[in-house]
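K.L.:
The structure follows.
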Amino acid sequence: MEIINVMEEVVDQRLKVLTKDAGCCTCDQCLEDMMCLALNSLPAKYVSTSKGKLFSKLSTTMISQHTIDVNIACVNAIEFVKERPRHGESGQE
Ligand SMILES: [Zn+2]
């Protein structure tokens, strides 16, 4: 059995769409930063994935229930990273 945060999947999917519209950088560093920022501002939704089908079903439900919140969190995260991209900085970790 595995416990995962459904929000990670939801935010990941949202960011892929929104970053295209925003025309912002989508390197690994920026995407990870956006993921962290967005997820930190959203409630975590943990589910058990002992059955894979349960996950996709719940995930879809979560998306419809939290679309607005997720959109706001993602847009805010994109704007933040856009202003302060960490890629290319010295001391990359
Ligand atoms: Zn970048």
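Quick note: the coordinates plus some simple rules give every number you see, no bench work behind them. Here the structure is a predicted model, which is why all the values come from computation and not from measurement. For neighbour counting, all protein chains shown are included, and Cβ atoms are generated from backbone atoms with ideal geometry for every residue, glycine included.
K.L.:
Considering the zone a paramagnetic label at Asn76 would reach in this model (a point 7 Å from Cα along the Cα-to-Cβ line), which residues of region 26-42 have amide N under 12 Å from it?
P.N.:
Under cut-off, by backbone N: 37-42.
K.L.:
Taking 25 Å as R0, compute the FRET efficiency from the Cβ-Cβ separation of Glu83 and Glu8 and round it to 0.05.
P.N.:
With a Förster radius of 25 Å, E is 0.60.
K.L.:
So, counting K/R as plus one and D/E as minus one, what does the shell of residues with Cβ under 12 Å around Asn5 add up to?
P.N.:
Computed value for this residue: -3.
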